[in-house]
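Chemist: Below is a structure I'd like to ask you about.
The values are calculated or read from the model by the stated rules, or taken from the named source; none is laboratory data. Not measured: the values here are computed from a predicted model. FYI the Cβ positions are ideal-geometry reconstructions off the backbone, even for glycines, and counts take in every protein chain you see. These area figures cover heavy atoms from the full protein model, side chains too; ligands, DNA and RNA do not enter into them. Shrake-Rupley method; radii C 1.70, N 1.55, O 1.52, S 1.80 Å.
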Amino acid sequence: MALLHVNFFSDVLGMCAEMDVLLPQQTTGQIGMEGMAADGKYKTMYLLHGMSDDQTIWQRRTSIERYVSRLGIAVVMPTTHLGFYTDTTYGIRYWTYLSQELPRICREFFPRMSDRREDTLAAGLSMGGYGAWKLALGAPETFGAGAALSGALDIVDDYQRQMDSEDGRSELFRGIFGSRRDLEGSENDILALARKLAEKTDRKDLPPLYAWCGTEDFLYEGNRRAWKEVTELGYPLTSESSSGDHQWKYWDAKIQDVLRWWLRTDLDLG
């Protein structure tokens, strides 16, 4: 595959931005890896990072390039710093950037990326899992599915946990979301987004969702609540849990399951 480190200007953010991009390449001579390039347009996965990380982290902590090399898909790994994929109250519009501007820029830079929603997946871990479901539920015209690994899916509960914790990031969360009253029921509340989309969309058109969370993870109970609600709303949800906490060794394994789920393949990607 080709790995590109892309620096560009975002009009929405009003500053330079970065993303790492994996593009398919047909190869036969690489030791230990085979590259495949699909015909026509590439399916594209937008792969989002968590709170402590940036656009490089999936390459540094997992074998994502090796996992997708035989699939003929593109992978876009952007950064939104600590912005929670949100148009923040302090004025930086990460949500508008990610949901609108970035897909347009990617398709201009890389014309073989498909512009079909069914060919576009949002996936991520922790904060990025929140962002992935938010894209599927809040921008379904662009993102046809969402996959969250250890995602902050009950964001209102996570917000309150930060407010109540002595070592939490209460000022950061206020800067991003405002008050709890501002957050609850807003476009930044994933479960409110899910209810709103379900009210205006036929069940057969609701985006498929995937989630995994470890049973020892501090976000597990919030995941269970979110899974129950979206299932009751009629979303096609594949949810899984197993022993584990908030660590890369689980996300490295589970991103392979995400790919198999999205692409409906039983390939051994490891």
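Chemist: Could you tell me whether any residue of the range 121-134 is of a type outside the set (S, T, N, Q) and without any contact (Cβ under 8 Å) to a residue 60 or more places away in the chain?
Modeler: Here is the first cut: in the range 121-134, the ones of a type outside the set (S, T, N, Q) are 121-125, 127-134.
Checking the rest, the ones that are also without any contact (Cβ under 8 Å) to a residue 60 or more places away in the chain come to 134.
For the range 121-134, residues of a type outside the set (S, T, N, Q) and without any contact (Cβ under 8 Å) to a residue 60 or more places away in the chain: present.
Chemist: Right, something else. Looking only at the range 234-247, count how many residues are buried (at least 17 other Cβ atoms within 10 Å of the Cβ) and over 12 Å from Ala148 (Cα atoms).
Modeler: Residues that pass the stated criteria total 3.
Chemist: For the range 23-74, name all the residues that are touching a strand residue (DSSP E or B) at 6+ places or on another chain (Cβ under 8 Å) and of a type in the set (D, E, K, R).
Modeler: Glu34, Lys41, Lys43, Asp54, Glu65, Arg70
Chemist: In addition: Touching a residue at least 40 places away in the same chain (Cβ under 8 Å), closer than 20 Å to Trp58 by Cβ and either of a type in the set (A, V, I, L, M) or not in a strand (DSSP E or B) (or both): is that true of Ala253 in this structure?
Modeler: Values: touching a residue at least 40 places away in the same chain (Cβ under 8 Å): no; closer than 20 Å to Trp58 by Cβ: yes; either of a type in the set (A, V, I, L, M) or not in a strand (DSSP E or B) (or both): yes.
Against the criterion (touching a residue at least 40 places away in the same chain (Cβ under 8 Å), closer than 20 Å to Trp58 by Cβ and either of a type in the set (A, V, I, L, M) or not in a strand (DSSP E or B) (or both)), Ala253 does not qualify.
Chemist: Among the residues of the range 46-53, is any closer than 15 Å to His81 by Cα, surrounded by fewer than 20 Cβ atoms within 10 Å (Cβ to Cβ) and aliphatic (A, V, I, L, M)?
Modeler: Checked against the condition, which is being closer than 15 Å to His81 by Cα, surrounded by fewer than 20 Cβ atoms within 10 Å (Cβ to Cβ) and aliphatic (A, V, I, L, M), the range 46-53 yields at least one hit.
Chemist: Go through the range 84-138 and give me each residue that's touching a Lys or Arg at 6+ places or on another chain (Cβ under 7 Å) and either assigned to a helix (DSSP H, G or I) or open to solvent by 10 Å² or more (accessible area, probe 1.4 Å) (or both). Steps first, answer last, please.
Modeler: The initial filter retains those residues of the range 84-138 that are touching a Lys or Arg at 6+ places or on another chain (Cβ under 7 Å), namely 85, 87, 112-115, 119.
Passing the criteria: Asp87, Arg112, Asp115, Asp119.
Chemist: Mind listing just one residue for me: the one in the range 19-45 that is open to solvent by 10 Å² or more (accessible area, probe 1.4 Å) and closer than 19 Å to Gly146 by Cα and, of those, nearest to the chain's Cα centre (by Cα)? Give the derivation first.
Modeler: Of the range 19-45, the ones open to solvent by 10 Å² or more (accessible area, probe 1.4 Å) are 23-34, 36-43.
Adding the requirement that they be closer than 19 Å to Gly146 by Cα leaves 42-43.
Details: Tyr42: 18, Lys43: 15 Å.
Selected residue: Lys43.
Chemist: Additional query: Since Ser69 meets every condition but one in (1) modelled with pLDDT under 95; (2) open to solvent by 10 Å² or more (accessible area, probe 1.4 Å), which condition does it not meet?
Modeler: Going through (1) modelled with pLDDT under 95; (2) open to solvent by 10 Å² or more (accessible area, probe 1.4 Å) one by one, Ser69 breaks only (2).
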